[in-house]
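K.L.:
Here it is: the structure, laid out below.
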Protein chains: 2
Amino acid sequence: MARPRTPLLSRERIVAAALRLIDDEGLDALSTRRLATELSVSGPSLYNHFATKDELLDAVVDSVIGEVDLSMFSTDSASGTSGTSGSAGGVGITWQEALRDWARSYRAALAAHPNIVPVLAQGPGRRPNALRLADAVFGHLVESGWPRGQATRIGALMRYFVTGSALASFAAGFPADAEVYDAADYPHLGEAHRLAGHRGTVDEGAFETGLEALLDGLALRYARLA
Amino acid sequence: MARPRTPLLSRERIVAAALRLIDDEGLDALSTRRLATELSVSGPSLYNHFATKDELLDAVVDSVIGEVDLSMFSTDSASGTSGTSGSAGGVGITWQEALRDWARSYRAALAAHPNIVPVLAQGPGRRPNALRLADAVFGHLVESGWPRGQATRIGALMRYFVTGSALASFAAGFPADAEVYDAADYPHLGEAHRLAGHRGTVDEGAFETGLEALLDGLALRYARLA
DNA sequence: ACCTGAACACCGTTCAAGT
DNA sequence: ACCTGAACACCGTTCAAGT
């Protein structure tokens, strides 16, 4: 025991095991003792790698944010609404196309780990990947011609929508038990017990509808700028 | 001690004290022992009124949802896009106006208690006020002419946006410490340290911009229905 | 019915001790 | 430098005991 010649732990291994635990059993299941057991070490060992549990959680969160694709923003000069189309790549796409691709990647990364979204939604804090994300979105919108104040608001409202959509499944929030929906109390929810069974398509459809509506609404405002 | 002739506790008193604790010190500060101390009783006393801490939390959540105004949906027959305007009241307003008024009330209720939003966002479950809310929104959209599948999606996407906006302040998520934003790493965030100082207006502006964009985008789709 | 104290299996974190 | 066991002040919950 005591110090082994090759370390048993590393920040990477700890973060990976913590994320697995959170995904599988929820945020409450992440205890330092439980995590240590999962890694076959004793509880206090973790404190050689992270000062506190919060610092560990911060690292987990930033590893998730690091999965978000930002390549659509790395264009030399952002083009306006009337650019050549083609939704992939990184050059010559409109801000709407960039925002749409980014929102999908953002949601996919978060929805893969819904249990950690409440932590992540608190904002970038001092986490490098989260700050890089905010920088890329804001920078791209400003270079596309949005005034800085508007660009800030768009970054915010997109985060509202994406974190909200990844925080929890809408469909799964309705119990599959038909007896819950008493017609006298909830006259329009007679079919709500079927929602949970179509979880994936309902949530996907709602996200896509909302995303397109949002982009259309923003395009209306963009047209009024000039 | 033992049983007093007039009960020391009630579900209402417990819920109110729990919400106060969550608002003031966060979800983690709500422990049964701490809450009991706040109410001048011993820890196990709470179990005479709630079977588990989760059941107590459910009651707290539903009390918050109960604050959301749903009166804009209680109109005899919902009117279409071309109704007489006037954004208050409850009769003869368009679905857009109803949705806008509801979204503002919904956000206000949630934003007053941001620390409990992660719990609340899990869905209505079996909570009566949450089910009433879902019923009112869905019913109104269907009566306004939206197909049921679309109405479900709109209910979902509105919840995404509202819960996302109430979960955490966008502006407050950026540290006020200017040294965080190294120009080499984050070339566009030079002013981000000022965000936290304008917390209220930034988040309010983002919410209103997103809400109007969403409603405009949905109106485009509504027009295509007929 | 409604409160209490004692007890159980848990927490995050500190610290002295080992190599 | 990196791990350990013991210890501290906490948790949620159960239960027997009181009125």
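K.L.:
Give A:His113, A:His49, A:His140 a once-over and let me know the one that is within 16 Å of DNA strand D (Cβ to nearest atom) and either modelled with pLDDT of 95 or more or among the small types (Gly, Ala, Ser) (or both).
P.N.:
A:His49
K.L.:
Let me ask you something else. Filter region B:51-73 down to residues that are of a type in the set (D, E, K, R) and away from DNA strand C (no atom under 16 Å from the Cβ) and give me whichever is surrounded by the fewest Cβ atoms within 10 Å (Cβ to Cβ).
P.N.:
Looking at residues that are of a type in the set (D, E, K, R) and away from DNA strand C (no atom under 16 Å from the Cβ), I get B:Asp54.
K.L.:
Is there any pair linking a residue in region B:1-24 that is without any contact (Cβ under 8 Å) to a residue 24 or more places away in the chain and more than 14 Å from chain A (Cβ to nearest Cβ) to one that is within 14 Å of DNA strand C (Cβ to nearest atom) and assigned to a loop (DSSP other than H, G, I, E, B), with Cβ under 8 Å and at least six apart or on different chains, and which?
P.N.:
Filtered contacts from region B:1-24: B:Ala17/B:Leu39.
Residue-wise test of (1) more than 8 Å from chain B (Cβ to nearest Cβ); (2) part of a helix (DSSP H, G or I); (3) under 22 Å from the mean Cα position of the chain (by Cα); (4) surrounded by 24 or more Cβ atoms within 10 Å (Cβ to Cβ).
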site: A:Leu157; (1), (2), (3), (4): no, yes, yes, yes
site: A:Phe161; (1), (2), (3), (4): no, yes, yes, yes
site: A:Ala166; (1), (2), (3), (4): yes, yes, yes, yes
site: A:Ser169; (1), (2), (3), (4): no, no, yes, no
site: A:Ala172; (1), (2), (3), (4): no, yes, yes, no
site: A:Ala176; (1), (2), (3), (4): yes, no, no, no
site: A:Glu179; (1), (2), (3), (4): yes, yes, no, no
site: A:Asp182; (1), (2), (3), (4): yes, no, no, no
site: A:Asp185; (1), (2), (3), (4): no, no, no, no
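K.L.:
May I pose another question? Which of the residues spanning region B:146-160 are in contact (Cβ under 8 Å) with a residue 40 or more places away in the chain and touching a Ser or Thr at 6+ places or on another chain (Cβ under 8 Å)?
P.N.:
B:Gln150, B:Ile154, B:Leu157
K.L.:
Kindly evaluate A:Gly197 against the criterion of being surrounded by fewer than 21 Cβ atoms within 10 Å (Cβ to Cβ), more than 7 Å from every other protein chain (Cβ to nearest Cβ) and outside any helix (DSSP H, G or I).
P.N.:
no
K.L.:
Now a separate question. Within region B:122-137, which residues are out of contact with any Phe, Trp or Tyr (no Cβ under 9 Å at 6 or more places or on another chain) and among the hydrophobic types (A, V, I, L, M, F, W, C)?
P.N.:
Result: B:Ala130, single match.
K.L.:
Which residues, counting only those in region A:1-44, are among the charged types (D, E, K, R) and within 11 Å of DNA strand C (Cβ to nearest atom)?
P.N.:
A:Arg3, A:Arg5, A:Glu25, A:Asp28, A:Arg33, A:Arg34, A:Glu38
K.L.:
Look at A:Glu212 and say whether it is more than 7 Å from every other protein chain (Cβ to nearest Cβ), surrounded by fewer than 24 Cβ atoms within 10 Å (Cβ to Cβ), in a helix (DSSP H, G or I) and not aromatic (Phe, Trp, Tyr).
P.N.:
no
The values are calculated or read from the model by the stated rules, or taken from the named source; none is laboratory data. On a predicted model such as this, the values are computed, not experimentally measured, just so you know. When we count neighbours, we look across all protein chains shown, and the Cβ atoms used for this are built from the backbone with ideal geometry, even at glycine.
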